[in-house]
Amino acid sequence: MINKRLLIKNLLAHHDENSFYDKKRQLNLHTKEGKAKFLKHICALSNSNPANNAYILVGVEDETNEIVGDDFFDDSRIQNLVNAYLENPPKIQYENIPFPNLEKSKVVGLVTIKPKSKASFFRKGIHTISANTGFVRIGSNSTPVAGKIQYSKLNTETVISIENNSRNSIKHTLEGVLDFIQNRHQNLDYNYEVFKELFVVCWAGITKKVKGITYYSRVDIELINEQVKLFYSAQDDVVIYFDENSFTITEYVALGINDKTTYYPLEKVVITFFDNGYYKIESEMLFNPPQYNRKLLHHIYNANLSLLKKLETNQYLTEREKAEIEQLPSALMICYLNGFEDSKQKLIEAKPQLKSFENSLVYQSFKDVMRVLRKMKYN
């Protein structure tokens, strides 16, 4: 079992960017350009490492190797994006790895690209990349290639050595549990469970009971053995259930208009543990978008466009308007889910203004909304 935090440290210490790993300050999957760059690197690393894992680290400064972290990214359907654009797509896994020096909401993203025998290429174009284009890694660059891609085992011994030096130990596990409980979540309700005498899952949050069901908010859930953050949210509520073989997280999202909020089930994630030290994660989208009166939504849509205009032009905002901006992302999402197709693009274009807004909850709301919309798109 690999300790993913140790793996990241070993990758950074062992080599600079090369043909088996890449590092990024952040990913941008909101735009076609951002998606194209991500897919290009996936394609190149896969083709250059057909016999071993390849990696992308997200949240690392390119020049200095400093671990600065990025936002928690729980898009379990990122594989569907790869499948949509690449022929012979590799299997990939995106994991969120916490580090002690980072603030609670930040992690390092670890993208693992699994080995495969057939070369990948773009089945359709995106941004400036044409259909039928393939890529390989030459040094630290992802380079387009014409013709047949040669099968290579160049990096196999090096990658296996790095992975073997990143194996977990009882010491790492105990330190991880103590850090989770004593240092990072001492002011929250916390718990842990051991599965198959191998896996330790810790979780913490603010609890409340509604009709006999315990809901967690500000919840943090980690698989300690691998130092993987399974779930993190500053706002949404989750329900946790477990038995001797599995751990289930059901996420709820709050939506509403005119101060009337309802919680809707968004997604259920089930982690199943096996006796042989293997586990699998399966997700099921539960979201059924609420439908509202179209005349009312026209009014809400126009009012929010007016707020966006004021933000873009730095106009004076009343205290009431400042409060309304906090609800703007979810309001535009409701409009989008009810047939106002431009709402999503308007929201994406407003990202810089929302990110720099004086109330940090506004940008957090934007990120939560985009996460829901991504999950729905690739479902």
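The values are calculated or read from the model by the stated rules, or taken from the named source; none is laboratory data. Note that the structure is predicted; figures quoted are calculated from it, not measured. Backbone-built Cβ (ideal geometry, glycine too); neighbour counts: all protein chains shown.
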Scan of the stretch 85-120 for residues that are in contact with a Ser or Thr (Cβ under 6 Å, 6 or more places away or on another chain), farther than 30 Å from Asn183 by Cβ and part of a strand (DSSP E or B), ordered by number: Leu86, Ile113
Which numbered condition Ile348 fails, given (1) over 19 Å from the mean Cα position of the chain (by Cα); (2) modelled with pLDDT of 90 or more: (1)
The stretch 243-264, residues that are at pLDDT 90 or above and surrounded by fewer than 17 Cβ atoms within 10 Å (Cβ to Cβ): Asp243, Glu244, Asn245, Ser246, Thr248
Elements of type strands (runs of 3 or more DSSP E) contained in the stretch 165-273, each with 3 or more residues being touching a strand residue (DSSP E or B) at 6+ places or on another chain (Cβ under 8 Å) and under 30 Å from Val362 (Cα atoms): 199-210, 213-223, 228-232, 237-242, 246-257, 260-273
Residue in the stretch 136-158 that is assigned by TED's automatic domain parsing to the domain that holds Asp275, touching a Phe, Trp or Tyr at 6+ places or on another chain (Cβ under 6 Å) and part of a loop (DSSP other than H, G, I, E, B) present: no
In the stretch 164-203, the residues that are hydrophobic (A, V, I, L, M, F, W, C), more than 15 Å from Phe231 (Cβ to Cβ) and without any contact (Cβ under 8 Å) to a residue 60 or more places away in the chain: Ile170, Leu174, Val177, Leu178, Ile181, Val194, Val200
Residue among Glu197, Glu222, Glu244 that alone is within 27 Å of Gln182 (Cα to Cα), within 19 Å of the chain's Cα centre (by Cα) and charged (D, E, K, R): Glu222
